[in-house]
Amino acid sequence: MNFAEMKIAFSKISNTPYTFKLDLENISFEGNLFKINHKLVKINAIMRSFVYRPCDSCGQEIKLDIKENLKLFASDGLFQDDENTLSNTIEFFNSQIDLKEIATSEFENYLSDYFYCENCNKM
């Protein structure tokens, strides 16, 4: 297993999966990435964490145990799919994939949802 640096150059990624693991404050982000073509890399990862948040209905503190399977793409520059729309692709413009940026943004994206305690879920 390769313990990845925070940033990986697109040129260092091949068709053979590159394994990575990042342990950020309370986020574990691990998986692999491999090149699909000269500008596109597929990222398969699992994000694990926990966080305490208030219920979005009553305000009671709840613990969220997070385990998310992520299937993402990273593009070296602008990317548009066949339908000419942006898909689940993260664009990087410095020829490097920033794993910390991906982990942080996926974590924040997860937390942007609504969460309810058990009592409020029953209503």
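The values are calculated or read from the model by the stated rules, or taken from the named source; none is laboratory data. Just so it is clear, the model here is predicted, and its values are computed rather than measured. Using ideal geometry, Cβ is built from the backbone for each residue, glycine included, and neighbour counts are taken over all protein chains shown. For the accessible areas, the whole protein counts, side chains as well, though only heavy atoms, and no ligand, DNA or RNA atoms are used. Shrake-Rupley method; radii C 1.70, N 1.55, O 1.52, S 1.80 Å.
Can you check what the net charge comes to around Pro17, using other residues whose Cβ is under 14 Å from the Cβ of Pro17 (Lys, Arg +1; Asp, Glu -1)? The answer is +4.
Given contacts defined as C-alpha pairs under 8 Å and at least six residues apart, what's the relative contact order of the chain, whole-number percent? Taking the mean separation of contacting Cα pairs over the length of the chain, I get 23 percent. Among the listed values (1) 8.1; (2) 7.0; (3) 9.2, the one computed from these coordinates for mean projected area of the Cα convex hull in nm² is (3).
The angle separating the long axis of helix 99-111 from the principal Cα axis of greatest extent in the chain is about 30 degrees.
The portion of the accessible surface of the chain made up by carbon and sulfur, rounded to a whole percent, is 46 (1.4 Å probe; DNA, RNA and ligands excluded). Within the listed set Glu91, Glu106, Glu61, the Gaussian network model of the chain (springs between alpha-carbon atoms below 10 Å) gives the highest mean-square fluctuation for Glu61. Working note: 222 nm ellipticity from helices only, DSSP H runs with n ≥ 4, each -39,500 (n - 2.57), summed and divided by the residues of the chain, gives -4000 deg cm²/dmol to the nearest 500. Summarising the label geometry, the points placed 7 Å from Cα in the beta-carbon direction at Glu118 and Phe93 lie 4.9 nm from one another. Extending 7 Å from the Cα toward the beta-carbon at both Asp56 and Asn69 defines two label points whose distance is 2.4 nm. In this structure, the residue pairs whose Cα-Cα separation is over 23 Å, taken from Lys12/Lys39; Lys7/Lys39; Lys39/Lys67; Lys71/Lys122; Lys12/Lys67; Lys39/Lys100, are Lys39/Lys67; Lys71/Lys122; Lys12/Lys67. Solvent-accessible surface of the chain, taken per residue with a 1.4 Å probe and all protein chains present: 64 Å². Would you give the gap between the C-alpha center of region 19-37 and the C-alpha center of region 87-123, rounded to a whole Å? Cα centroid of region 19-37 versus Cα centroid of region 87-123: 14 Å apart.
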